[in-house]
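Here's the structure we're looking at; comments come further down.
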Amino acid sequence: MAVSATKLIASFITSGRLYGVGIGSTLMDLQQKINGDFVDVVDGEGDSMRRDYGFIEFYLNLDQNWSVSGGAIELHRLAARNDMANRWHIAMRDKFPQYLTWDDLRDELSKLPNPPALQIIDQGDFLEYRASATKVSVLVNNDHEERDEWLGHGDVWSVSLG
């Protein structure tokens, strides 16, 4: 069943899991739960990897098996390349918007039971809203530019785990 991207992201922030995948999940878990085309980028030593689905990425480390160490939804990529969202919709049935405002995401978070406490960290051109309990951070564009073909003030840049 498809879920709105805003609800999916709010759930990710509160649980630290995206489609059931979180820190400690195995590569097999990732393969079973995430459909779609991807590129694996393995580092030079062969002990870490980034699985890139376009605007969604998972980071894995190799101990005895590959396990997830983090991940990100790079929403800023959709501003210029909404075709990524269309491909994701076909593969996973969830429709991501070209832009997502922090106000819309914060509103969705407020509807959830027990939303996490968020620490606000000013990073100049970005504000980071960090849910320490789940290790998820939301980066929000904090410059004072209007939205055009790129993100505007108050748009979510990325949501990351780790």
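The values are calculated or read from the model by the stated rules, or taken from the named source; none is laboratory data. Here the structure is a predicted model, which means the values were calculated and not measured. Positions of Cβ are backbone-derived with ideal geometry, glycine not excepted, and every protein chain shown enters the neighbour counts. For accessibility, only protein heavy atoms count, side chains too; no ligands or nucleic acids. Shrake-Rupley method; radii C 1.70, N 1.55, O 1.52, S 1.80 Å.
Here are the numbers for this structure:
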read-out	value
Members of the stretch 89-103 found to be part of a helix (DSSP H, G or I) and either touching a residue at least 60 places away in the same chain (Cβ under 8 Å) or open to solvent by 50 Å² or more (accessible area, probe 1.4 Å) (or both), listed by number	His89, Ile90, Met92, Asp103
Of the criteria (1) under 18 Å from Tyr19 (Cα atoms); (2) assigned to a loop (DSSP other than H, G, I, E, B); (3) within 16 Å of the chain's Cα centre (by Cα), which one Met84 fails	(2)
Yes/no for Asp29 being more than 18 Å from Val136 (Cα to Cα), surrounded by 14 or more Cβ atoms within 10 Å (Cβ to Cβ) and over 17 Å from the mean Cα position of the chain (by Cα)	yes
Residue within the stretch 22-43 that is of a type outside the set (A, V, I, L, M, F, W, C), touching a residue at least 60 places away in the same chain (Cβ under 8 Å) and in a loop (DSSP other than H, G, I, E, B) present	yes
Residue tally, condition surrounded by fewer than 16 Cβ atoms within 10 Å (Cβ to Cβ) and over 30 Å from Glu149 (Cβ atoms), over the stretch 64-83	2
Residue that is surrounded by the most Cβ atoms within 10 Å (Cβ to Cβ) [pool: residues in the stretch 134-158 that are among the small types (Gly, Ala, Ser) and part of a strand (DSSP E or B)]	Ser137
Only one of Arg50, Arg17 that is open to solvent by 30 Å² or more (accessible area, probe 1.4 Å) and in contact with a helix residue (DSSP H, G or I) (Cβ under 9 Å, 6 or more places away or on another chain)	Arg17
Selection count where residues are part of a loop (DSSP other than H, G, I, E, B) and open to solvent by 40 Å² or more (accessible area, probe 1.4 Å), scope the stretch 114-128	7
Among the candidates Asn86, Asn61, residue that is modelled with pLDDT of 95 or more and open to solvent by 10 Å² or more (accessible area, probe 1.4 Å)	Asn61
Criterion violated by Arg106 - all others in (1) part of a helix (DSSP H, G or I); (2) more than 15 Å from Tyr129 (Cα to Cα); (3) not small (Gly, Ala, Ser) satisfied	(2)
Selection status of Ala131, at pLDDT 95 or above, hydrophobic (A, V, I, L, M, F, W, C), surrounded by 18 or more Cβ atoms within 10 Å (Cβ to Cβ) and touching a helix residue (DSSP H, G or I) at 6+ places or on another chain (Cβ under 9 Å)	yes
